[in-house]
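All remarks here apply to the structure that follows.
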């Protein structure tokens, strides 16, 4: 399996609830419909009412941690190639403008590690 993470920030003026509602009911279905290469797609919305941190630690600068799993690196590359097609990328960016601060989008791949099962 191959995994990518996106840290996404809501558009100014949207409440947390509006952001989550739009992402779950509009953007997530668009992503799963457009990119069949994604075999697992999770959105993690931080709840800062239950945060563990030191007093001086600032709030995160993102509103969701999105996880995307692919069968392998080639699946991820294929998703990126699909996104690079103007008709696809333009559609995704137009939808993102409805709920994301597009100047703060960051996506990266990760090496996921797990504790061995006993």
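Please treat every number below as a calculation from the coordinates, not as lab data. Keep in mind that what you see is a predicted model, and the values were worked out from it rather than measured. Every residue, glycine among them, receives a Cβ derived from its backbone with ideal geometry; neighbour counts consider all protein chains shown.
For a footprinting-style exposure proxy, rank 8, 80 by other Cβ within 10 Å, fewest first.
80, 8
Fewest Cβ neighbours within 10 Å first, please rank 35, 45 accordingly.
Listing 35, 45 from fewest to most nearby Cβ atoms yields 45, 35.
Per 0.36 nm of contour for each residue apart, how much would the distance between residue 33 and residue 73 grow if the chain were fully extended, relative to their Cα-Cα spacing?
12.4 nm
Can you put 68, 1, 79 in order of Cβ neighbours within 10 angstrom, beginning with the fewest?
1, 79, 68
Mind jotting down the distance between the C-alpha centroids of region 1-41 and region 53-97, whole Å?
8 Å
Would you calculate a helix-derived [θ] at 222 nm for the chain, using -39,500 (n - 2.57) for each DSSP H run of n ≥ 4 and dividing by the full residue count, to the nearest 500?
On the way: 4 runs with 37 residues, N = 118.
-9000 deg cm²/dmol, from helical runs alone.
Where a ≥ b ≥ c are the square roots of the eigenvalues of the C-alpha gyration tensor, would you call region 72-118 rounded, which needs a/c under 1.5, or, failing that, prolate if a/b is larger than b/c, or oblate?
It comes out oblate by the Cα gyration axes.
Which of 20, 105, 38 moves the most in a Gaussian network model of the chain with Cα springs under 10 Å?
Between 20, 105, 38, it is 105 that shows the largest mean-square fluctuation.
What percentage of all Cα-Cα pairs in the chain are separated by more than 26 Å?
In whole percent, the share of Cα-Cα pairs in the chain beyond 26 Å is 25.
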